[in-house]
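The values are calculated or read from the model by the stated rules, or taken from the named source; none is laboratory data. Given the structure is predicted, the values throughout are model-derived calculations rather than measurements. Protein only, heavy atoms only, side chains kept; ligands, DNA and RNA dropped before computing areas. Shrake-Rupley method; radii C 1.70, N 1.55, O 1.52, S 1.80 Å.
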Amino acid sequence: MNSNNQVFDIDGHPVQPKRDRKRKTTHNKELLQVRHITPMTWAQTDMIEGYARGANLIAHGSAGTGKSFIASYLALNALFHDKSIEKVVVVRSAVATRDMGFLPGTLQEKSEVFSIPYKQIFNDLCENGTAWDILTKKNMVEFITTSYVRGITLDNAVVIIDEFQSMTAHELYSVLTRMGKNTRIIVCGDTKQTDLDGRKEKSCYDWFMGVADKMTDWFHITRFVQQDIVRSPFVKALIMATEE
């Protein structure tokens with residue numbers, strides 16, 4: 001018996017063991033990377049600097065200014081480089097711009113339509129078309145709607161609360177009271193894009209901004225204006241024309 005466990009073929013020649021040809025996988029956050037971005041406006045720079053100083057963020061103002069994009073960039077950077085951060089949680093209200101009727105399927109399938117913008121952003125930032133799927137399957141990224149936040153506590157996370165203008169005060173309060181230990185909050189919204197029916201429900205916008213004014217030690221507020229619109233020249237011209 002060979003002490004080195006050498007294998008020989010039928011003619012007595014030594015057989016070399018096959019090399020492991022498994023392809024490298026990117027199914028963990030260590031092998032995913034966030035591409036470097038350069039802020040395109042003063043407001044984007046202010047948002048990034050506010051986060052660097054340790055504050056929770058409120059980014060509000062014109063559409064097309066990159067609020068959700070910068071929020072996702074900051075959250076992914078923290079997930080990949082801050083060992084104390086275990087996940088990114090994206091929260092938004094499941095209010096559609098028009099009534100789509102009954103959506104069949106599981107809770108995850110019903111929420112899928114609302115997560116599409118973030119899936120695109122995360123894949124873009126990681127330069128990987130499957131980044132969102134990889135991270136959600138490993139519970140490093142989670143998307144939830146305000147309808148299902150009761151009873152949970154969000155620890156060691158960066159929580160992006162997006163489109164907050166489409167939440168009622170009760171909804172947003174329910175989300176904010178879920179924040180646990182070592183959790184950072186990034187709240188984004190635009191008061192001109194609320195999907196609430198003003199006759200039935202009132203946006204939390206004024207209420208929350210009033211609360212934030214009393215919590216200046218906890219929140220850094222960045223206001224985005226028309227000049228900060230970066231989505232495209234057409235969108236900038238359209239928004240400026242309609243708002244004027």
Residues whose modelled amide H sits under 5 Å from the amide H of PHE143, counting only those 5 or more places away in sequence or on another chain, are VAL90
Interchain or sequence-distant (5+) residues whose placed amide H lies within less than 5 Å of the amide H of ALA94 are THR146, SER147
Of the accessible area of region 174-244, computed with a 1.4 Å probe and all protein chains kept, carbon and sulfur make up a percent value of 51 percent
Under the Karplus relation with 6.51, -1.76 and 1.60 and θ = phi - 60°, whole-Hz ³J(HN,Hα) for region 130-140, x at Gly and Pro, equal 10, 4, 4, 5, 4, 6, 6, 5, 8, 6, 8
Computed curve, region 137-208, Cα-only Debye sum without solvent term, log₁₀ I(q)/I(0) at 0.18, 0.23, 0.28 Å⁻¹, is -0.72, -1.07, -1.39
proj_area_mean for region 125-244 (convex hull on C-alpha atoms), units nm², value 10.1 nm²
Carbon plus sulfur, as percent of the 1.4 Å-probe accessible area of region 121-162, comes to 40 percent
The answer for HIS220, listing residues at least 5 apart or on another chain whose modeled amide H is closer than 5 Å to its amide H, is ASN56, LEU57, ILE58
Semi-axes (Å, rounded, descending) of the ellipsoid equivalent to region 183-244 per its C-alpha gyration tensor are 25, 18, 10
